[in-house]
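What follows is one structure encoded as structure tokens, with my remarks underneath.
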Amino acid sequence: MRKIAPAVVGAAALALVVAGCGGGDADNAAKNTGNKTQSTGGTGVGTQPLNIGMPNGPVQNVSNPFLNTSAGAALGYTNVIFEPLMQINDTRPADAPTPWLAKSMEWNKDYTEVKITPRDGVKFSDGTPMTADDIAYSIQLRIDNEALNTEGLPYKSVTNEDGVVTVTFKSSQFVNQAKVYGLIVVPKHIWSKISDPTKDLVQNPVGTGPYVFKSFSGQTVTLDANKDYWGGQLAVPELRYTGYKGNDPQITALQTGQSDWSWVFIADYQNVYVAKDPDHNKVYSAAGLGIDQLVLNNEKGPFSDVNLRKALNMVLDREKAAKIAESGLFPQLTSVTGIPTPAGDSFIADQYKGKNYSIDVDGAKKQLTDNGYTYSGDKLMKDGKQVSVVLQDPAGWNDYITSLQLIATSLKSIGVAAKVETPTVDAWTANLNTGDFDAALHWTDGGSTPYQMYSSMFDPNYYVPLGKNATWDIGRYNNPDAKAQFDKYIAATDDSTRKAALDKLQEFWVNDVPAIGVDARPSAAEYSTKNYVGWPDEQNPYADPQPTNKNASLILTKLKPAS
């Protein structure tokens, strides 16, 4: 904590220094963070489109950037139409933010207020200048429409005076700085005329980004380079986003060159993908403090009983999850705290140091029989019926489905009947949003400390009743004592107080099992350097490489023609 937290605390101050040195374009903004730019390719504009694919199945013509059940979210293209205030590198969370639509952002001492100064010379793709009024409106939109506050930030007020936007919060946002930096800006002159921004499909999106919406044709969305982009000339003239019906067709598209950029799980990726064109096919996997969690419905169904949650936690085979389901690309999760190691070693509470997950079928059965369950042969019984659960993840997500099948086998070892279902991405997302599920494999948030990971999984501050859309805390964990520790962490003004709160949160994780850690999850992507170079990699880790991440707009300003 002593090594990481000060870098984060200083981020706003560093941002001000960066902004003062900026040359007014995206490339200079990136250079000013200290990241090296790649310049091994040619210059100017390329002739080839960039084909971007995701294994998310059929998509609908929806480009509302606030809706996670949209083509824009599933394929990621809204992130190159609508841009954030600052760019945050998830793979290097202690780095200072890169000024983007905001020239600077300055926090007060207790992180309850931030002043945002817009970048000069930014225009929306329809030619209208972006101003502080647009930034203030975009934040007020979230205040007025709870469903649009997808970051779950506790806003208090927003004002715009003399071209500077001041946002106040109900509590300290020290730990949520990255979420504030990542807020996207929409044009007031368009969105103020939308009758219901929580439902509007936004089929002709207008943003400040490097690319503009061109066409939607079922499986593929096409975007053209924004010729008047504030960040300067773009190397890629056209983006083509395609939704493939699962991992296998997406992998084939990568192998054959139909896709240039994607994130899809590839078992034995070196032989299956890289070896097809070793000079150009690349995989970049950057570690962080995020994991894959088995989301458990704490509010209804069989997992509303903590004893069943504990029992499953005791029999889950995490070694197989990492080696078989994720082919070793995702590291095995070992600490009972769910914190990835070695990245998170310094955060693990003293009482849990050296305590690792192990499989204990007999102990799990005793946990159940001591708490009201019985056995009929090898079947676990409750209220005269065998205990049964449904595990769900989208069709085609092969690694997650394999992991769910392994989890089903673990459940069978304690007598639970487990069924794996594979809905569409949209149906799955809607089910999790509203709490219509027993269990599902899902990623977590990440950050510079495990707080972000824990908060996304079981922070009661994000709790909403069944039937309402959850942002985080999808499992509906609602322990007021845990909430007090989350509140204590975000209100803390020193590292020792934060450490004490984080130690307590680890106790809730271990004792209440609000969710189950399955494997460590890096940020990864596949891309080809055949037509364009300048991608983030181990030597130049300037951005999260995934095409659906907000860093996509930054990456596209860094690409250059390969020759």
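For the range 390-545, the gyration tensor built on C-alpha atoms gives an oblate shape. Its axis ratio a/c (a ≥ b ≥ c) is at least 1.5, and a/b is not larger than b/c.
Where in the range 436-539 are there trypsin sites (Lys or Arg not before Pro) that are in a DSSP coil and have at most 13 other Cβ atoms within 10 angstrom of their Cβ? Don't skip to the answer; put the middle values down first.
Working: sites: 468, 476, 483, 488, 498, 499, 504, 530; in loops: 468, 476, 530.
In loop regions of the range 436-539 (DSSP not H, G, I, E or B), the sparsely surrounded trypsin sites (Lys or Arg not before Pro) are 468.
Working note: Cα atoms of the range 240-359, range along each principal axis, descending, whole Å: 49, 35, 24. The trypsin sites (Lys or Arg not before Pro) of the range 273-353 meeting both criteria, a DSSP state outside H, G, I, E and B (loop) and at most 14 other C-beta atoms within 10 angstrom of the site's C-beta, are 300, 353.
Heavy atoms only, probe 1.4 angstrom, no DNA, RNA or ligands counted: give me 335, 376 ranked by accessible area, highest first.
Sorted descending by solvent-accessible area, the residues read 376, 335.
Dipole orientation for the chain: of the candidates 329, 215, 357, 357 has the Cα lying most toward the positive pole (charges on Cβ; Lys, Arg +1; Asp, Glu -1). Annotation note: trypsin sites (Lys or Arg not before Pro) in the range 94-152 located in DSSP loop regions with a Cβ neighbour count of at most 11 within 10 Å are 109. Simple spin-label estimate for residue 443 and residue 409 gives 2.6 nm between the two label positions (7 Å along the Cα-to-Cβ direction from each Cα). Treating the Cα atoms of the chain as identical point scatterers in vacuum, please give the log10 of the normalised Debye intensity I(q)/I(0) at q = 0.09, 0.12 Å⁻¹, two decimals. With no solvent term, the Cα-only Debye profile gives -0.67, -1.22. Sorted from greatest to least, the principal axis extents spanned by the alpha carbons of the range 465-530 come out as 53, 37, 21 Å.
Under a point-charge model restricted to the Cβ atoms of Lys and Arg (+1) and Asp and Glu (-1), what is the dipole moment magnitude of the chain relative to its Cα centre, in debye to the nearest 20?
Numbers: 50 positive and 61 negative charges, 39 e Å.
Dipole magnitude for the chain comes out near 180 debye.
Taking packing as the residue-averaged number of other Cβ atoms within 10 angstrom, the listed peptides 287-296, 336-345 run from highest to lowest as 287-296, 336-345.
222 nm [θ] for the chain, helices only, -39500 (n - 2.57) per DSSP H run of 4+, per residue, to 500? Display every interim value, and only then the final one.
Values: 17 runs with 153 residues, N = 563.
Calculated from helices alone, the mean residue ellipticity at 222 nm is -7500 deg cm²/dmol.
For the range 174-236, what class follows from the C-alpha gyration tensor (a ≥ b ≥ c being the square roots of its eigenvalues): rounded when a/c is under 1.5, otherwise prolate if a/b is larger than b/c, else oblate?
Values: a/c = 1.72, a/b = 1.13, b/c = 1.53.
Judged from the Cα gyration tensor, the range 174-236 comes out oblate (a/c at least 1.5, b/c at or above a/b).
Extension gain, residue 164-residue 268: 0.36 nm per intervening residue step, less the Cα-Cα distance, totals 32.3 nm.
Projecting label points 7 angstrom from Cα along Cα→Cβ for residue 227 and residue 110 puts them 5.3 nm apart. Going through the cross-link list 320/382; 320/355; 355/382; 310/379; 320/488; 382/419, which pairs have a Cα-Cα distance over 25 Å in this structure? Going by Cα-Cα distance, 320/382; 355/382; 320/488 fall outside the 25 Å limit.
Look at the dipole of the chain built from charges on Cβ: of 257, 132, 118, the Cα furthest out on the positive end belongs to 257. Relative contact order of the chain, taken over Cα pairs closer than 8 Å and 6 or more residues apart, is 22 percent.
If contacts are Cα pairs under 8 angstrom and at least 6 residues apart, what is the relative contact order of the range 466-518 in percent?
31 percent
The eigenvalues of the Cα gyration tensor, multiplied by 5 and square-rooted, give the range 369-443 an equivalent ellipsoid with semi-axes of 26, 14, 9 Å from largest to smallest. Straight-distance candidates among the lysines for linking to residue 558, with alpha-carbon spacing under 24 Å and chain neighbours fewer than 8 residues away dropped: 31, 36, 103, 123, 179, 214, 227, 282, 530, 550.
Taking 7 Å steps out from each Cα toward its Cβ at residue 350 and residue 200 produces label points 5.6 nm apart.
Multiplying the residue separation of residue 324 and residue 151 by 0.36 nm and removing their Cα-Cα distance gives an extension gain of 58.9 nm. On the beta carbon distance between residue 468 and residue 341, with R0 = 25 Å, the FRET formula returns roughly 0.10.
Can you tell me how the range 279-434 classifies by the Cα gyration tensor, rounded, prolate or oblate, using a/c under 1.5 as the rounded cut?
Working: a/c = 1.99, a/b = 1.31, b/c = 1.52.
Oblate.
Relative contact order for the range 58-173: 18 percent, from Cα pairs under 8 Å spaced at least 6 residues apart, divided by residue count. Between residue 507 and residue 220, residue separation times 0.36 nm minus the direct Cα-Cα distance comes to 98.7 nm.
The values are calculated or read from the model by the stated rules, or taken from the named source; none is laboratory data. This is a predicted model, so every value here is computed, not measured. Reconstructed Cβ throughout: ideal geometry from the backbone, glycine too, with neighbour counts over all protein chains shown. In case anyone asks, the SASA skips ligands and DNA or RNA and just uses the protein heavy atoms, side chains included. Shrake-Rupley method; radii C 1.70, N 1.55, O 1.52, S 1.80 Å.
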